[in-house]
1. Please verify whether Ser165 is surrounded by 11 or more Cβ atoms within 10 Å (Cβ to Cβ) and touching a residue at least 60 places away in the same chain (Cβ under 8 Å), treating the condition exactly as stated.
2. Which of the residues spanning the stretch 230-271 are surrounded by fewer than 10 Cβ atoms within 10 Å (Cβ to Cβ) and closer than 20 Å to Ser6 by Cα?
3. Just to be sure, is Leu53 closer than 29 Å to Phe245 by Cα, assigned to a loop (DSSP other than H, G, I, E, B) and either among the polar types (S, T, N, Q) or in contact with a Phe, Trp or Tyr (Cβ under 9 Å, 6 or more places away or on another chain) (or both)?
4. Please find, among Ser223, Ser193, the residue that is assigned to a loop (DSSP other than H, G, I, E, B) and loosely packed, with under 10 Cβ neighbours inside 10 Å.
5. Consider only pairs whose beta carbons are under 9 Å apart and that are at least six residues apart or on different chains; among these, list those whose first residue lies in the stretch 30-42 and is in contact (Cβ under 8 Å) with a residue 40 or more places away in the chain and exposed (fewer than 15 other Cβ atoms within 10 Å of the Cβ) and whose second residue is assigned to a loop (DSSP other than H, G, I, E, B) and polar (S, T, N, Q).
6. Residues of the stretch 20-44 being among the aliphatic types (A, V, I, L, M) and within 34 Å of the chain's Cα centre (by Cα), which ones?
7. Hey, Asn68 hits all of (1) exposed (fewer than 14 other Cβ atoms within 10 Å of the Cβ); (2) in contact (Cβ under 8 Å) with a residue 40 or more places away in the chain; (3) not hydroxyl-bearing (Ser, Thr, Tyr) but one; which does it fall short on?
8. Go through the stretch 229-270 and give me each residue that's of a type in the set (A, V, I, L, M) and part of a helix (DSSP H, G or I).
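The values are calculated or read from the model by the stated rules, or taken from the named source; none is laboratory data. Just so it is clear, the structure is predicted and the values come from calculations on it, not from any experiment. Cβ placement follows ideal geometry from the backbone for every residue including glycine, while neighbour counts extend to all protein chains displayed.
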Amino acid sequence: MNIFNSLSYRDIIKKIILERKKIDSSYNFQNLAKAIRVQKTYLSNCLKGKADLNFDQLYMVCEFLKLNSDQSHYLELLLNYERSGLKDRKDKLLSMIKSMQAKYEKTDQYISAKKMTVDTEEIYHYYLDPINQIVHVSLAIERYRKNIQLLAKDINVPVFRIMNSITTLEKLGIISKEGKEIKVIQDGLHLPSDSPIYKTWRNELKNLSMQKLRNLKAESSYSFAVVFAATEDTRKFIQGKFFEFLKEIEPAAQKAESENAYFMNFDLFPWMEN
């Protein structure tokens, strides 16, 4: 559950308890009340907005729920924000809350893929030609490691482009090459969204993927698009669900046999902003 979409510490506690209870019945409001040393009726009043937890009680809630340090800190900020009567302080607290929300709206908080850590010039070489990534992923497939001509044929690019990508990957230490034998050293690389080349990379990869999509048979791909009216909270909810989806599918993708290279894309944005 992505708790960073909510501005209510009460809602977060209730949702976590109800979600955990489906898996472990010991997570319930009676046991939570016992853990924080209050009557269940008092806890109920707190969660209904008729009273507030104090900071020691919130600490014990976080311990009971086994929240990590960021999650615990976020709940503390929400409690501080709710209890403060000073506008200046509330403004500062809200700024800190939004900063944490922004941090957890980034994909790299939800996947185990490694951030690209090489210097700027090398990042440009890898990311600004999307063929490099396609070749990188494809080299996890044995038949392509053994037959570069087959790879060139199957992704419909000249052999020299494949060889250029292999040279780039070798320079970056992503693959090693001894004679005709190629070994993938690094996989699952991820470009953070705050990278100065992120938008350019995203557009180049998306353009290439759309070209590929137009040439595929309908049964070989799946696409979905929709325009809808909603609220900012709804957008955050949908994005949070997508992050949960990423966490769920990443292990399956990591364990899968390498038979083909696939492309997946997710866009969610407001039309009424420039």
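1. Here the answer is no, as Ser165 does not meet what is asked.
2. Thr231, Glu232, Leu268, Phe269, Pro270
3. It is false that Leu53 is closer than 29 Å to Phe245 by Cα, assigned to a loop (DSSP other than H, G, I, E, B) and either among the polar types (S, T, N, Q) or in contact with a Phe, Trp or Tyr (Cβ under 9 Å, 6 or more places away or on another chain) (or both).
4. Result: Ser223 is the single residue among Ser223, Ser193 that is assigned to a loop (DSSP other than H, G, I, E, B) and loosely packed, with under 10 Cβ neighbours inside 10 Å.
5. Here the result reads none, with nothing in the stretch 30-42 linked to a residue that is assigned to a loop (DSSP other than H, G, I, E, B) and polar (S, T, N, Q).
6. Filtering the stretch 20-44 down to residues among the aliphatic types (A, V, I, L, M) leaves 23, 32-33, 35-36, 38, 43.
Across the stretch 20-44, the qualifying residues are Ile23, Leu32, Ala33, Ala35, Ile36, Leu43.
7. (2)
8. At the first step, the residues of the stretch 229-270 found to be of a type in the set (A, V, I, L, M) are 229-230, 238, 246, 249, 252-253, 256, 261, 264, 268.
Within the stretch 229-270, Ile238, Leu246, Ile249, Ala252, Ala253 meet the criteria.
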